[in-house]
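Chemist: Quick one: the structure is below, and I'll ask about it shortly.
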Amino acid sequence: MAKRSRRLVAIREQLGRRVPGSLVDGVHDLKLYANAKFDETVDIAVNLGVDPRHADQMIRGTVGLPHGTGKVVRVLAFAKGEKAQEAEAAGADFVGAEDLAEKILGGWLDFDRVVACPDVMGVVGRLGRVLGPRGLMPNPKLGTVTFDMTRIIQEIKAGQVAFRVEKTGIIHAGIGKASFADEKLVENAQALIEQLKKMRPAAAKGTYIKKVTLSSTMGPGIQVDARNV
């Protein structure tokens, strides 16, 4: 059995006496343990009372965080002609069509989000087995298949995050950096939770938001009282 560090043992003892509180309390406590030598990413995990095996309970969407994620997002845009020029002007990091598809099929994946114009989806469709499992496949329901390159790219660059419920009913999303002010992390978390509430499926019965946990890259999970979010 691996030996636990003194730091981890101390944290576990402290958390064992902790009562889940509000988002404000959760963010405050999270910061006590976000003491790595780099600016740790703050994540939120929301356990939903849904069964993703049923299509009518699949939760997937996007939300614009009011204070962004603190991360530089590399956007790849599939577009041609004037739309390619528009994508470049909007701030896309990589723009192209067949050339990018071949590069991706060759193993290149140095990007974070993918958008595409509808008229090049024939090219993008070949990449389903590569992009799909990574959650990168452009999707009209998420607004990432569109001719409005300027809007979608600017929204992503400004802090839009995509989320999708896992098989276990959990949504994971990054909501900022440990260096963010407490209130900014709280407001980002609230924005995601409010979006999830709006998306509650009619088929979902019982408690919808069952558990909420905050964590930083190197820190422990901090549970929040799900009844008060």
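Values in this text are rule-based calculations from the coordinates and carry no lab data. From a predicted model like this one, the values you see are computed outputs, not experimental measurements. Glycine gets a Cβ as well: all are built from the backbone with ideal geometry, and neighbour counts include every protein chain shown.
Chemist: Report the charge-dipole magnitude of region 75-158 in Debye, nearest 20, computed about the Cα centre from +1 at each Lys and Arg Cβ and -1 at each Asp and Glu Cβ.
Modeler: Result for region 75-158 is approximately 360 debye, rounded to the nearest 20.
Chemist: Here's something else I'd like to know. Per-residue HN-Hα couplings for region 134-141, Karplus 6.51 cos²θ - 1.76 cosθ + 1.60 at θ = phi - 60°, whole Hz, x for Gly and Pro?
Modeler: Along region 134-141, the couplings run 9, x, 9, 5, x, 9, x, 5 Hz.
Chemist: While we're looking at this one, here's another question. How high is the relative contact order of region 75-158, in percent, counting Cα pairs under 8 Å that sit 6 or more residues apart?
Modeler: 36 percent
Chemist: Please report, in cubic angstrom per residue, the volume enclosed by the convex hull of the alpha-carbon atoms of the chain.
Modeler: Cα convex hull per residue, to the nearest whole number: 158 Å³.
Chemist: I would also like to ask the following. Along the charge dipole of region 160-211, Cβ charges K/R +1 and D/E -1, which of Tyr208, Leu196, Phe163 sits furthest on the positive end?
Modeler: Positive-end residue among those listed: Tyr208.
Chemist: Round to a whole angstrom and tell me the spacing of the C-alpha centers of region 120-144 and region 154-229.
Modeler: Computed from Cα coordinates, the inter-centre distance equals 24 Å.
Chemist: Using the crude model of +1 on Lys and Arg Cβ and -1 on Asp and Glu Cβ, and no other charge, please compute the dipole size for the chain relative to its Cα centre, in debye to 20.
Modeler: 1140 debye
Chemist: Give me, ordered by chain and number, the residues 5 or more places off Ile209 or on other chains with an amide H under 5 Å from its own placed amide H.
Modeler: The list, which skips near neighbours in sequence, is Gly49.
Chemist: Using the 2.2 N^0.38 Å rule of thumb for compact globular proteins, work out how region 75-158 stacks up: its C-alpha Rg over that value, please.
Modeler: 0.95
Chemist: I need to check one value: relative contact order of the chain, counting alpha carbon pairs closer than 8 Å and at least 6 residues apart, in percent.
Modeler: About 39 percent, as a whole number.
Chemist: Loop only by DSSP, 16 or fewer other Cβ within 10 Å of the Cβ. Give me the trypsin sites (Lys or Arg not before Pro) in region 99-175 that pass, ordered by residue number.
Modeler: The qualifying sites are Lys167.
Chemist: Would you list, by chain and number, the lysines whose Cα falls below 23 Å from the Cα of Lys167, excluding same-chain residues fewer than 8 positions away?
Modeler: Lys141, Lys197, Lys198, Lys205, Lys210, Lys211
Chemist: Same structure again: When all C-alpha to C-alpha distances in region 126-203 are sorted into bins of 5 Å, what percent of pairs does each bin hold, rounded to whole numbers?
Modeler: For region 126-203, the binned pair fractions read 3, 11, 17, 22, 21, 16, 8, 2, 0 percent.
Chemist: Can you list residues whose amide H is under 5 Å from Gly176's amide H, if they're 5+ apart or on another chain and H is modeled 1.01 Å from N?
Modeler: The answer is Val42.
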